[in-house]
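Colleague: Sharing a structure below in structure tokens format, with a few things to ask.
The values are calculated or read from the model by the stated rules, or taken from the named source; none is laboratory data. Keep in mind it's a predicted model, so treat the numbers as computed, not measured. Ideal geometry is used to build each Cβ from the backbone, glycine not excepted, and the neighbour counts take in all protein chains shown. For accessibility, only protein heavy atoms count, side chains too; no ligands or nucleic acids. Shrake-Rupley method; radii C 1.70, N 1.55, O 1.52, S 1.80 Å.
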Amino acid sequence: MNDKVLHVLEFDRIIEKLESHASSERGKTLCRALRPYEDIHEIESSQTETEDALKRIFASGSISFSGIYDITRQIKTAEAGGALSPRELMNIASLLEAVSRIQSYGLDGEESPEDSLSDRFRCLSADGFLAKEIRRCILDEDTIADDASPDLKSIRRNLLLSQEKVHGTLQSLVNGSLKTYLMDTVITMRNNRYCVPVRSEYKSQVPGMVHDQSSSGSTLFIEPQAVVKLNNDIRELELKERAEIQEILRNLSLQCGGSAEAIIADYTILTELDFIFAKAKLAVEMNAVRPLMNTGEIIRLRGARHPLIDAKKVVPIDIRLGDEFDLLIITGPNTGGKTVSLKTVGLLELMGLSGLHIPALDRSELSFFREIYADIGDEQSIEQSLSTFSSHMTNIVAMLHDANITCLCLFDELGAGTDPTEGAALATSVLDYLHRRSIRTIATTHYSELKEYALTTSWVENACCEFDVESLRPTYRILVGVPGKSNAFAISKRLGLPDRIIEDAKKRISEEDEKFETLLSSLEQNRSELEKKKREISETQAEIQRLQQDLDTGRQKLEESRNRILSSAREEAKNILSEAKATADESLRKLQKYADGDTVRAAEQERTRIRESLARAKAQDGMPAPSESQIPEKDRTKSGLERKKARIGMDVLIVSLNLKGVIQTLPDKSGNLSVRCGIINYKVSLSDLAEINTGRTGYGIGSRKQVKGSSDSGDSAGVGSGLSKAMTIHTELKLIGMTADEAREALASYLDDAYLSHLDSVRIVHGKGSGVLREMVKNYLKNCKYVKEFRLGEYGEGDAGVTIVKFKNK
């Protein structure tokens, strides 16, 4: 791609924006070196990398690439055995820390996406130990930690002791025998040795070494003889400290040199990722999307925005080229947006070819052009004695020489700067030459001849920049298929030019030109009316949608109100039922006590008393009193059960106790058998039993209808009925054949009765099937307050078709 078009279309300013999003120096260099790719596969690969980086930013947030330094030279020095400075080692540690941080970001657990960047993240080899070792040894650029090595710690401890000893000795001298000879009672340093300021006249009174004197000569800085050896010791320890620090730095450098290849590879990968994520961050800033790329020389831009214009002011444009026409001629008044539209197409093409996302709507499409030529702006040259027209024509000559079908040509004000008649003729011929060679071209112009050429030539289309004559302002919208008007007469009239001058000007244009302008005005008026009707239809549709939303909201509120009322009613009924069940529970405990003895009559009297009490309570709430018998007459047979009809699991009624139960054993020789009523087993005679016509053929709840009947009996037929159910509760509930809602209702009622009956555990049969009933049972039991635990059945218990439930102790 020629550098001139990159400058003309301001691609260099896009590069400046891109560079501002990179953190590392090499990342910035890669940004500055970015140019349109010359291979479609490279373009697609670069676009994919940008898109994947953008997805990661949206999913996990932005990632910082700070702390990445160019350590190539330092690593080579370390590899050769040289010692690095603390600053250089800290830069390497910063790079290794950035590797760990960025690798963690890129490979964030199982949710990390597999994309074009995954291999780069995986290839990072974070040496966390080396980074920690450098940070442990080097506190900052000028400070090595005491714990960097045992020897260094020992040396510094001895150094501190020696310094304290020197200070103590000097302090005693300063405050004692030397006090009268001193200029000031202070301890100072000269040539890295501890000294005292002595008056020059007392030099002979203070034995020691003179290291310095004041500018006036009145003060001598003398190292007293008493501390000479101590100062020598300090000096030796300082030299040892320096040598030990060099040894520490050399060891750290050797470790870096041993990992030189991995560190340089990490640096290369990090800077590449920095460059790729800079492209993604630029896309976020511009609200840009990935363009579709084709090799058919077709451009379809939807809602395209010039990336260098303020996003709050720029007007999106829709423009296309190459699908139905290969030459687009844009006309309209000055400052109407023609040049901006031309630059938008060219600049977005350059961005797309460079692997950058473009500020447009999704499904915007660009083509792989091997070269883009642009003749835009005034390029007159005083040095080369070129006028505006000459400079333009020089560019055009070069373009016509080099352009082919794989190129895109952009012309701004083609043929301007010379005689209008000749300029229009030249412009028409240039465009026709490009058109006959099927070279994709967009040109802006004021010439009516070019509008006529577009109207009369196939695969050539007019477009215009819309202009509001009333406000004298352009709308900056591109209207493809509509030739534009200069609107010179209308603008002049609005600005106050006398009518007589305007009328005289109209007379001076040819009749054909006047008819053409009238036709354009008519087309523009018709288009405006269609646009107005389209807006009205859109507004009407929006109003319909708003009313529909209001209606849906009203329905939702009504449904919520209804649910609230029903919930309140259910809560009230639940409270009444809870009180009744508490009374039934009390009665059951007393019946269990009575059952342990022989006083059945006392139990019956107590049951009758409780039933009457419950009847009075229900009468106060307007609910029907319980019937005398728990079993409807139509479901009962006459007293006395034949021996041959008795079978285990059969539902029967103990007539003397008026209790429903299930036969547990076959009758013995005397005609007695065991009947289970709830948790109590009664030994009764066949003559005291009556068969219940429920159709039961085995142990447990027999059918969906019977379960629902049982539930209804418990909730609607009164508390007396609930008491009987507690006495005849079974340890198994069958839900097979029910819907989820029916099963939930039956399960709730059954669990309440089973818990009140003091059963330790029950068996819920829901079958395997699709698992809907099993999931419903599981969810209900999770929230049931009196369920201690539950599990699926084991082998021999019904497997996954059965759930075993255990209750809490009451």
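Colleague: With just the Cα atoms defining each centre, how far is the stretch 726-774 from the stretch 56-109? Give it in Å.
Modeller: What the calculation gives is 64 Å, centre to centre.
Colleague: Give me, ordered by chain and number, the residues 5 or more places off residue 477 or on other chains with an amide H under 5 Å from its own placed amide H.
Modeller: For residue 477, the qualifying residues are 466.
Colleague: What does the charge count around residue 546 come to, taking other residues whose C-beta lies under 13 Å from its C-beta (Lys +1, Arg +1, Asp -1, Glu -1)?
Modeller: In short, -4.
Colleague: If R₀ is 45 angstrom, what is the calculated FRET efficiency for the pair residue 228 and residue 70, using the beta carbon separation as r and rounding to 0.05?
Modeller: 0.35
Colleague: Still on this model: Would you kindly derive the ³J(HN,Hα) couplings of the stretch 31-48 from the backbone phi angles with the Karplus curve 6.51 cos²θ - 1.76 cosθ + 1.60 (θ = phi - 60°), listing them in order in whole Hz, with x for Gly and Pro?
Modeller: 3J(HN,Hα) across the stretch 31-48, in whole Hz: 5, 5, 8, 5, 9, x, 6, 9, 9, 4, 5, 5, 4, 4, 4, 5, 5, 5.
Colleague: If you keep only loop residues by DSSP, which GluC sites (Glu not before Pro) in the stretch 110-181 have at most 12 other Cβ atoms within 10 Å of their Cβ?
Modeller: Passing sites in the stretch 110-181 are 114, 141.
Colleague: Taking Rh as the Kirkwood radius, which is the inverse of the mean 1/r over Cα pairs, what is the Rg/Rh value for the stretch 62-145?
Modeller: Value, to two decimals: 1.04.
Colleague: Suppose each label sits 7 Å from its Cα in the direction of the beta carbon; what would the residue 104-residue 35 distance come out to in nanometres?
Modeller: Simple spin-label model gives 4.1 nm for this pair.
Colleague: Can I ask one more? With r as the distance between the Cβ atoms of residue 302 and residue 546 and R0 = 25 Å, compute the FRET efficiency 1/(1 + (r/R0)^6) and round to 0.05.
Modeller: Calculated transfer efficiency: 0.40.
Colleague: Taking every Cα atom in the stretch 182-338, find the radius of gyration and the maximum pairwise distance Dmax, and write them in Å.
Modeller: Answer for the stretch 182-338, Rg first and Dmax second: 38.6, 110 Å.
Colleague: The stretch 402-460 to the stretch 194-212: how many Å between their Cα centroids?
Modeller: 98
Colleague: Something else: Which stretch or stretches of the stretch 89-107 have amide N atoms under 16 Å from the point lying 7 Å from residue 265's Cα along the Cα→Cβ direction?
Modeller: 96, 99-100, 103
Colleague: Working out 0.36 nm times the residue gap between residue 48 and residue 772, then minus their Cα-Cα distance, what length gain in nm do you get to one decimal?
Modeller: Value of the extension gain: 256.3 nm.
Colleague: On full extension of the chain, what length is gained from residue 200 through residue 13, given 0.36 nm per residue of separation minus the C-alpha to C-alpha distance? Don't skip to the answer; put the middle values down first.
Modeller: On the way: separation 187, 0.36 × 187 = 67.32 nm, distance 7.15 nm.
Contour length minus the Cα-Cα distance gives 60.2 nm.
Colleague: Determine the gain in length on full extension of the stretch residue 254-residue 184; use 0.36 nm per residue of separation and subtract their C-alpha separation, reporting nm with one decimal.
Modeller: On the way: separation 70, 0.36 × 70 = 25.20 nm, distance 5.04 nm.
Difference between extended and current length: 20.2 nm.
Colleague: Quick one: which residues, 5+ away or cross-chain, put their amide H under 5 Å from the amide H of residue 294? H built at 1.01 Å from N.
Modeller: Those lying under 5 Å, H to H, from residue 294 are 366, 367, 368.
Colleague: What is the sum of charges, Lys and Arg at +1 and Asp and Glu at -1, for the other residues whose Cβ falls under 10 Å from the Cβ of residue 181?
Modeller: With Lys, Arg at +1 and Asp, Glu at -1, the neighbours total +2.
Colleague: Another question, then. Rounded to the nearest whole Å², what accessible area per residue is found for the stretch 289-444 with the 1.4 Å probe?
Modeller: Values: 6090 Å² over 156 residues.
Roughly 39 Å² per residue, with all protein chains present.
Colleague: Which FRET efficiency value, to the nearest 0.05, do you get for residue 401 and residue 475 by plugging their Cβ-Cβ distance into 1/(1 + (r/R0)^6) with R0 = 30 Å? Please list the in-between numbers first.
Modeller: Numbers: r = 38 Å, r/R0 = 1.27.
Calculated transfer efficiency: 0.20.
Colleague: Per-residue HN-Hα couplings for the stretch 166-174, Karplus 6.51 cos²θ - 1.76 cosθ + 1.60 at θ = phi - 60°, whole Hz, x for Gly and Pro?
Modeller: Coupling constants for the stretch 166-174: 4, 4, x, 5, 5, 5, 5, 5, 5 Hz.
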